[in-house]
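Undergrad: Can you keep this structure in mind? I'll have questions shortly.
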Amino acid sequence: MEKIRVEKLYKVFGPQPNKAIQMLEQGASKSEIMEKTNCGVGVNNTSFSVDEGELVVVMGLSGSGKSTLVRCINRLIEPTRGKVYIDGTDITSLNTEELRKVRLKKLGMVFQNFALFPHRTVCQNAEYGLEIKGMPLDERRKKAYEALELVGLAGWEESLPDQLSGGMQQRVGLARALALDPDILLMDEAFSALDPLIRRDMQDELISIQERMRKTILFISHDLDEALKLGDRIVLMKDGEIVQVGTPEDILTNPANDYVRRFVEDVDITKVLTAESVMKKTEAVGYLKTDGPRAALRKMRKNSISNLFVLDESRKLMGVVTAQDCARLVQEESRDLASVVCTSCKTAHLDTPAQDLFVIMQDLGYPLAVVDDDNRLKGVIIRGSLIGALAERGGN
Amino acid sequence: MDIPRIPVGKAIEASIDYLVEHFSFATKAFSAVLDTGLDIVEGAMHALPPWLFILLTGLLVWRLTKSRKIGIFSIAGLLLILNMGLWKATISTISLVIVSTLMALLIGVPTGILAAMNKYVNKTVMPSLDVMQTMPAFVYLIPAIPFFGLGKVAAIFSTIIFAMPPAIRLTCLGINQVPKELVECAEAFGSSRWQRLVKLELPLALPTIMAGVNQTVMLALSMVVIAAMIGAKGLGGEVWKAIQRLQMGNGFEAGIGIVIVAMIMDRVLQKIGSKK
C-alpha cells in the first residue's frame, strides 16, 4: 500500500519562485535561472512514492536537493508547488494545527547531526515526542526506556547527551523517533556524521530493527554503498531532479544514463550482489528417499558433474555425495546412499553478499549450495560461474 | 535664507507635558507600587541587626558561589562599610538596585522573548534599544522629575529605563542563538510554538539571559548612584554630598562602598550564570 506519494514537487528559494518554475518548465538550467531571477532551485519536478513497510533511500551528492526534498515531506520547508500525500492526505493543504497533528502522529525524524537537546538527559530526549503529545510521565518514561533498550542504550538513560559518543548519540536520536511509534521515519543523512565502522554497525542495527518493526522509512544519504545496503529501492537525485528510481540491482545493472553509470562505476559489485543473484538453478539433485547410488551416478554423468546435492522429500538439503563414493557403493552392491552423504557440507544463504562467497568457497571441492531460511536448496554456485556473473554485472 | 529651526526639544517637552497631564493616574499608581515595594525590601533588610545581616550574606554568597574566598571577601567588605558608618546608605542603595532590577527584568525578559518570536516586534524594539543605550544616562533624570517629582521613585524610573536594554537584547540573542537544527527537530516532532519556547529555547538561552541579568544589575547599580542627583540618597547621595562640599575623604569612602557592593553582586551573578 502506498504510504507517501510525492507529486510534481518543486521547491524554489528566492524572490520570484513562480517565474523560476515557469523557466524550469521551459527547460532552463539552474544557473540560467539563478542569473535571471536570483532564485535557487532546490527540488525540480520530482514524483515518487514509498510503499508501506518499504525502506527507500533518496541518494545524491551534496546540493542535489535530497535534504530539501525530505523537509518538504514534513513541511519543515514549504514546497513551492506540487503535492505530498501521506496516507492519502494532502500534506501541503493542511493548516498549522493539522500539520502539527500529522507530525505528532505519523512522522518521526532522525537528523544528521543528531539534534539532541543538550539540556535534557538521554531519557528526556527519547521521550520528547511523547511529552509533546501530552502523555503522562510514567507512561512515556516506560516507552522511552523501551525505545532506548531497542537501540541498545539500556543503562544510559540518565546520562546527558554530551557524555555519549557520536554513535550512541545517534542511537538516542533513533530512539527518540522510535519511541513515538510513528508510521513513517524520515532519516536525514542519519549516519553520515559517524565513523565508518560505527556507521556500518548502525546500518546493521537499522536493518535488524526494520526487520522487526517494518516501518516506512525514507532515508537520505550521499553514500552509494549505504544506499545499496539499506534501500529496498533507491531514488537517485541530481540537481534537484530524480535521475532514476529502482532497486539497488536495477541501478547497478541498468543505469538510466551516463550520470548514474559514472556514479555506480566505482561500486564494489561484490558487496551488492547476493548469492541469490549469482546462483544457478539446478535440476540435478538426488532424493534420499527414492534415489540409490546408481541413480545418483547417472544424474551426475548426465549433467557432467562430480558431486550431487541430496535432498529430503520437502527439498531440504541433507548433504552432498561424490561420484567416487557412489561408484564404490555400486561396486559393493550396497543401496544405502545415506551412508556416504557428507552432511557437513558448506552452504550459503540467499542473502549472503557475493564478497563473502569467495571466502566460503575457498578450497571447497564441490559447488556451494544456496539455501533459504528453511534450509531448502534454491540453487548452486560454481566458482567459475561466480566470477563470470560478477564480470558480467559489473561491466568494468 | 534662514532655515527654520526644527523644534525637536520643544516637541519632546510638549509630549512629556501632555503625558504628565493626562496620565498622572498611571504615574501615581506606578509610584505607589514602587514605593511600597521599596519600603518592604528596605524594611526587611533593616529588620536584621547589621552583624547578623553581614554574616547571613557571607554564608549565602559562599553557598551560591561555592567559593569560600568570595564569602570571606563579602563579609570583610560589608564590615568595612559598617565601620565607615555607611550602613544605612548601603542598605538604601541595595534596595533601590533590587527593586529597579526586578522591574527591569519583569519588563525586559518578556519583551526580549517577544522580540525573538516576532520580527515586527523586533524591528520596533531594537532601534529603541539603540536610543536607550546611547542616550547619556543623565538625560533620563529630567523627565523622571515631572512624572514622579524628586525622590526615590524618579530614581527607580530612570534606572529601569537605563538598565533594561541588556535584559531585552540578551534574552532575544539567547533565543535566536538556539541551533537551527534543534529548532527544526522541535518542529518536526510537532511542538507548538509555546512548547518550543518553554522546552527548548528558554532552557538553552538561560546562560545568555543570566549574562543579561548580570549586566542589568550592574547598570542599575551605576544608575542608582547617578540618580542621587534627583534625590535617590544612598551611597550615591553620600558621593553627591561630598562633591558639593569638596570632602574628598567622604567621597572616596562612599565610592569604596559602591565598589564593594558591586563586586559582591557581580561575583555572585557570574557564578550563577555560568553554572549549568
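Undergrad: If you count only protein heavy atoms with a 1.4 Å probe, what accessible area per residue comes out for the stretch A:279-396, rounded to a whole Å²? Let's see the in-between values first.
TA: Details: 6780 Å² over 118 residues.
Heavy-atom accessible area per residue stands at 57 Å².
Undergrad: Tell me which aspartates and glutamates have Cα within less than 12 Å of B:Lys123's Cα, excluding those fewer than 8 residues away on the same chain?
TA: Here the aspartates and glutamates satisfying the reach criterion relative to B:Lys123 do not exist.
Undergrad: List the residue ranges in chain A for DSSP H helices whose C-alpha atoms run 20 angstrom or more along the long axis and whose Kyte-Doolittle average is -1.0 or above.
TA: Working: long enough: A:196-213 (25 Å, -0.67).
Those that pass (Cα extent of 20 Å or more, hydropathy at least -1.0) are A:196-213.
Undergrad: If you take the accessible area of A alone plus B alone and subtract the pair, what total do you get in square angstrom, rounded to 100, with a 1.4 Å probe? Display every interim value, and only then the final one.
TA: Numbers: alone 19360 and 15620 Å², together 33190 Å².
So the buried area, both faces added, is about 1800 Å².
Undergrad: Return the long-range amide H neighbours of A:Glu241 (sequence gap of 5 or more, or a different chain), with a cut-off of under 5 Å between placed amide H atoms.
TA: A:Asn44
Undergrad: Still on this structure: Mind ordering B:195-203, A:86-94, A:119-127, B:147-155 by average Cβ neighbours within 10 Å, highest first? All intermediate terms of the calculation are to be shown ahead of the outcome.
TA: Working: B:195-203: 18.7, A:86-94: 15.6, A:119-127: 23.3, B:147-155: 21.3.
Top of the packing list down: A:119-127, B:147-155, B:195-203, A:86-94.
Undergrad: Provide the packing ranking of A:132-141, A:45-54, i.e. peptides ordered by the mean count of other C-beta atoms within 10 Å per residue, highest first. Please list the in-between numbers first.
TA: Values: A:132-141: 14.2, A:45-54: 17.4.
Ranking, from highest mean packing down: A:45-54, A:132-141.
Undergrad: Out of all DSSP beta bridges in the stretch A:276-394, what portion is antiparallel? Express it as a percent rounded to 5. Numbers along the way, then the final one.
TA: Details: 12 of 18 bridges.
Around 65 percent antiparallel, to the nearest 5.
Undergrad: Taking only complete DSSP H runs, can you tell me which helices of chain B stretch 15 Å or more along their own long axis by Cα positions and average at least -0.5 on the Kyte-Doolittle scale?
TA: Details: long enough: B:8-22 (21 Å, 0.31); B:24-47 (33 Å, 0.65); B:50-65 (22 Å, 1.54); B:68-83 (22 Å, 1.52); B:87-117 (44 Å, 1.70); B:119-134 (23 Å, -0.20); B:137-148 (17 Å, 2.04); B:152-176 (36 Å, 1.35); B:202-226 (35 Å, 1.72); B:234-245 (17 Å, -0.27); B:248-274 (38 Å, 0.96).
Those that clear 15 Å and a mean of -0.5 are B:8-22, B:24-47, B:50-65, B:68-83, B:87-117, B:119-134, B:137-148, B:152-176, B:202-226, B:234-245, B:248-274.
Undergrad: Using only atoms on other chains, find how many Cβ atoms lie within 10 Å of each Cβ of peptide B:174-186 and report the average.
TA: Values: counts 0, 0, 0, 0, 1, 3, 1, 7, 7, 2, 8, 14, 4.
The mean count of partner-chain Cβ atoms within 10 Å per residue comes to 4.
Undergrad: Just to verify a number: what accessible area does A:Arg214 come out at with the full protein assembly present, 1.4 Å probe, Å² rounded to tens?
TA: The accessible area of A:Arg214 comes to roughly 130 Å².
Undergrad: To the nearest whole number, what is the average tally of beta carbon atoms from other chains within 10 Å of the beta carbons of peptide A:290-296?
TA: Working: counts 0, 0, 0, 0, 0, 0, 0.
Other-chain Cβ atoms within 10 Å of each residue's Cβ, averaged: 0.
Undergrad: Let me ask something else about it. Give me the inter-chain shielding for A:114-124: mean count of other chain Cβ atoms within 10 Å, whole number please. Please list the in-between numbers first.
TA: Values: counts 3, 10, 3, 8, 5, 7, 3, 0, 0, 0, 1.
Per residue, the average neighbour count from other chains is 4.
Undergrad: In addition: Among B:Gly151, A:Ala323, A:Val70, which residue has its Cα furthest toward the positive end of the charge dipole of the protein assembly as shown, with +1 on Lys/Arg Cβ and -1 on Asp/Glu Cβ?
TA: B:Gly151
Undergrad: Now a separate question. Might you report the magnitude of the Cβ-based charge dipole of the stretch A:276-394 about its Cα centre, with Lys and Arg at +1 and Asp and Glu at -1, to the nearest 20 debye? Before the final figure, lay out each step's value.
TA: Numbers: 17 positive and 16 negative charges, 95 e Å.
Magnitude of the dipole: close to 460 debye.
Undergrad: Can you list the aspartates and glutamates whose alpha carbon is less than 16 Å from that of B:Lys233, not counting same-chain residues fewer than 8 positions off?
TA: Straight-distance partners of B:Lys233: B:Asp35, B:Asp39, B:Glu42, B:Glu253.
Undergrad: Right, next: May I ask which of A:Lys36/B:Lys119; A:Lys105/A:Lys142; A:Lys11/A:Lys101; B:Lys119/B:Lys199; A:Lys133/A:Lys215; A:Lys11/A:Lys229 have a Cα-Cα span longer than 27 Å here?
TA: Numbers: A:Lys36/B:Lys119 29 Å; A:Lys105/A:Lys142 18 Å; A:Lys11/A:Lys101 23 Å; B:Lys119/B:Lys199 21 Å; A:Lys133/A:Lys215 20 Å; A:Lys11/A:Lys229 29 Å.
Correct reply: A:Lys36/B:Lys119; A:Lys11/A:Lys229.
Undergrad: Between A:Val110 and residues 5 or more places away or on another chain, which pairs have amide H atoms under 5 Å apart, with H built 1.01 Å from N, and which residues are they?
TA: Close amide H contacts, sequence-distant or interchain: A:Leu186, A:Met187, A:Asp188.
The values are calculated or read from the model by the stated rules, or taken from the named source; none is laboratory data. In this text, all values refer to a predicted model and were calculated from it rather than measured experimentally. With ideal geometry, Cβ positions are generated from the backbone for all residues, glycine too; neighbour counts draw on all protein chains shown. Calculation scope for accessible area: heavy atoms of the full protein, side chains included, ligands and nucleic acids excluded. Shrake-Rupley method; radii C 1.70, N 1.55, O 1.52, S 1.80 Å.
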